[in-house]
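K.L.:
I am attaching a structure below and will ask some questions about it afterwards.
The values are calculated or read from the model by the stated rules, or taken from the named source; none is laboratory data. Small disclaimer: the values here were computed from a predicted structure and weren't measured. Virtual Cβ from ideal backbone geometry, glycine too; neighbours counted across all protein chains shown. Just so you know, the surface numbers come from the protein's heavy atoms only, side chains and all, with ligands and any DNA or RNA stripped out. Shrake-Rupley method; radii C 1.70, N 1.55, O 1.52, S 1.80 Å.
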Amino acid sequence: MVPVQIRVGGAFLGVALALAMYAVIALLRGDTTFAITPQVLTVLAAVVLVGAFATYDTTQPGSRRQVGALAAAVALIGLGVVLPSTELAVTTPFWLLGWALTAGLCAAVLRRSAAS
């Protein structure tokens, strides 16, 4: 059984990586703002599911719960394609980097607390 701190830490780590990727892409394109849309939120929700249920240990067998989480993540990505691209909020890419660093710090604290 995987401790809950590892699962939640994995979810935070996934969110940190996704937000950092969004920020880097926005900065490389020269965008001064980043629009948070339903597509972005569904991608982040899918990343949370994958991060929480991913298996990194090859000795740990897969489970139906993991397959269900992966199917739900794929369904969320598909839902994001169908949803309208309405701007729910607008922020700068630098805030995305700040949120990514905060999520990464949360992941590190949670994963370290599971190790002790």
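K.L.:
Angle between the Cα long axis of helix 64-82 and the longest principal axis of the chain, 0 to 90 degrees, nearest 10?
P.N.:
10
K.L.:
Here's something else I'd like to know. Ignoring ligands, DNA and RNA, please state the percent of accessible area on the chain from carbon and sulfur, probe 1.4 Å.
P.N.:
73
K.L.:
So with the 1.4 Å probe, I'd like the accessible area per residue for the chain, rounded to whole Å².
P.N.:
For the chain, the solvent-accessible area averages 63 Å² per residue.
K.L.:
Quick query: amide H of residue 36 versus all other amide H atoms, modeled in the peptide plane; which residues come in under 5 Å with a sequence gap of 5 or more or a different chain?
P.N.:
Amide H neighbours of residue 36, under 5 Å, 5+ apart: 88, 89, 90, 91.
K.L.:
Same structure, new question: Once the Cα atoms of helix 38-53 and of the chain are each reduced to a long axis, what angle between those two axes, in degrees from 0 to 90 to the nearest 10, is obtained?
P.N.:
Between the helix axis and the principal axis of the chain, the angle is about 20 degrees.
K.L.:
Over the chain, what per residue volume does the convex hull of the Cα atoms give, in whole Å³?
P.N.:
Per-residue hull volume (Cα only) is 105 Å³.
K.L.:
Something else now. Determine, for each peptide in 10-20, 41-51, the mean count of other beta carbons within 10 angstrom over its residues, then list the peptides with the highest first.
P.N.:
Descending mean neighbour count gives 10-20, 41-51.
K.L.:
Let me ask something else. Apply the Karplus parameterisation 6.51 cos²θ - 1.76 cosθ + 1.60, with θ equal to phi minus 60°, to every residue of segment 20-32 and state each ³J(HN,Hα) to the nearest whole Hz, in sequence, with x for glycine and proline.
P.N.:
5, 5, 4, 5, 5, 4, 5, 5, 5, 7, x, 6, 8
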